[in-house]
Amino acid sequence: MNPGLDAVRLGLLAKLGEARAIYLRDYALTCSIGIHDFERAAPQRVLVNIELYLKPHSPQADEIDQVLDYDFLRRRIADFAMGKHFNLQETLLDGIMAICLEPPVVLGARVRTEKPDVYPDCDAVGLEVIRFKEPNS
């Protein structure tokens, strides 16, 4: 477990009395990313992990319009990630983070991107950011 992330979760729980999160784990995309010639030669696999921290809310009915739809996230992220070339993971991650923070019900997000196939001597290279909206936004 990530002790820093646990502190974030506990802080939300202390402030709100309830903490909810939804996530996408190892969402695999194929996109054009990287600064090296070998990376620019062909699209590569990027794994995206997202955890969204939501305002406490219990659905009033067992209907998808009562909650944040995972399909919305997947579609928007895929359209963004596959729509152009990214030199940096930081640029890709910041764009994904902006998408994640759009819905009003989202208080904050944790986003991680990984390129698992870029180097043969490590499992992946990646980046992670945790960001919260400004209070009252």
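The values are calculated or read from the model by the stated rules, or taken from the named source; none is laboratory data. What you see is a predicted model; the values in this text were computed from it and never measured. Here the Cβ is made from the backbone with ideal geometry for all residues, glycine too, and neighbour counts use every protein chain on show.
Checking each residue in the range 85-100 for being touching a Cys at 6+ places or on another chain (Cβ under 9 Å) and either modelled with pLDDT under 95 or crowded, with 19+ Cβ neighbours inside 10 Å (or both) picks out Phe86, Leu92.
Within the range 101-137, the set of residues being of a type in the set (Ser, Thr, Tyr) and modelled with pLDDT of 95 or more comprises just one member, Thr113. Of all positions in the range 47-60, at least one carries a residue that is closer than 29 Å to Asp6 by Cα, of a type in the set (Phe, Trp, Tyr) and touching a residue at least 60 places away in the same chain (Cβ under 8 Å).
All conditions in (1) surrounded by 12 or more Cβ atoms within 10 Å (Cβ to Cβ); (2) touching a helix residue (DSSP H, G or I) at 6+ places or on another chain (Cβ under 6 Å); (3) assigned to a loop (DSSP other than H, G, I, E, B) hold for Thr113, with the sole exception of (3).
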